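Have a look at the structure below, then the notes.
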Amino acid sequence: MLQAILYDLDGTLLPMDNDYFTKVYLHMLAKAAMPWGYAPDALMQAMWAGVKAMVTNDGTRSNQTAFWTTFSEAIGRDATEDEVKFNEFYTKEFMDAKAATGEAPLAQTVLELSRRKAQHVILATNPIFPPVADESRLRWIGLNMEDFDLVTDYCNSSYCKPNPAYYRSILDQFHLDPAQCLMVGNHVTEDWQAASAAGIPCYLVTDHLINPDGRPITCPNGSYADLVSYLEQL
């Protein structure tokens, strides 16, 4: 039995074209935020600045703090008071973004298999979202937060993919031997290479593979359906 299986969410457990989903989601957010006093262009610039601050976070502060500090600086005022409004967006309007994703009829099968094959099952989704956004996206595929021993989010994380320190922080939290773990993702850089740098073997789901540098794939890989067979053979 493995010590842990780690799963990416977007493009892995939750089928999607990441670029298309991001476009739809940000359009919805810009529309929702206009009554709060945010001009769409200014909001987008501040959002991307906040994301960059999280991706480059060095572990000295939470991703949540990195985002809101940078977002506020970009907007030109203290925007932390609006965090509640953004969280409400992720429980309401954001739910309609499911239309920009695919169906995942094998998600529950994958989770049930993982529970039999590993001591811990962890949702290692890039922690740039608040917990409510992770909860909403899991609901789209019939899963919930309680299905995982840990769901990384911007509150409980101080690193992001593709920093290998993101994976090492999970290993340290659960006292895991990386060689006795498995990372399942769809992004060559963020999932395979970053996890491998932390010593974790990887399986790449290829239905929505992201390979920005066109690197040859030498780790185990295959479709969502192939993943089921792979897990059965562990």
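The values are calculated or read from the model by the stated rules, or taken from the named source; none is laboratory data. The model shown is predicted, which means the values in this text are computed figures rather than measured ones. Every residue, glycine as well, gets a Cβ built from its backbone with ideal geometry; the counts of neighbours run over all protein chains shown. Side chains included, ligands, DNA and RNA excluded: accessible areas come from the protein's heavy atoms. Shrake-Rupley method; radii C 1.70, N 1.55, O 1.52, S 1.80 Å.
Among the residues of region 89-110, those that are open to solvent by less than 50 Å² (accessible area, probe 1.4 Å) and small (Gly, Ala, Ser) comprise Ala97, Ala100, Gly102, Ala104, Ala107.
With the condition kept exactly as written, say whether any residue in region 25-40 is farther than 20 Å from Met95 by Cα, under 20 Å from the mean Cα position of the chain (by Cα) and in contact (Cβ under 8 Å) with a residue 40 or more places away in the chain. So far as region 25-40 goes, no, none of its residues is farther than 20 Å from Met95 by Cα, under 20 Å from the mean Cα position of the chain (by Cα) and in contact (Cβ under 8 Å) with a residue 40 or more places away in the chain.
Here is a yes/no grid of residues against (1) among the aromatic types (Phe, Trp, Tyr); (2) part of a helix (DSSP H, G or I); (3) in contact (Cβ under 8 Å) with a residue 60 or more places away in the chain; (4) farther than 25 Å from Asp172 by Cα:
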site: Met44; (1), (2), (3), (4): no, yes, no, yes
site: Met47; (1), (2), (3), (4): no, yes, no, yes
site: Asp96; (1), (2), (3), (4): no, yes, yes, yes
site: Val121; (1), (2), (3), (4): no, no, yes, no
site: Thr125; (1), (2), (3), (4): no, no, yes, no
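Within region 209-223, residues that are polar (S, T, N, Q) and at pLDDT 95 or above reach partners that are open to solvent by less than 80 Å² (accessible area, probe 1.4 Å) and not in a loop (DSSP other than H, G, I, E, B) with beta carbons closer than 6 Å, at six or more positions or on different chains, in the pairs Asn211/Val188; Asn221/Leu204.
Looking only at residues in region 161-200 that are open to solvent by 30 Å² or more (accessible area, probe 1.4 Å), of a type in the set (Gly, Ala, Ser) and in contact with a Cys (Cβ under 9 Å, 6 or more places away or on another chain), the one that is nearest to Ala225 (Cα to Cα) is Ser196.
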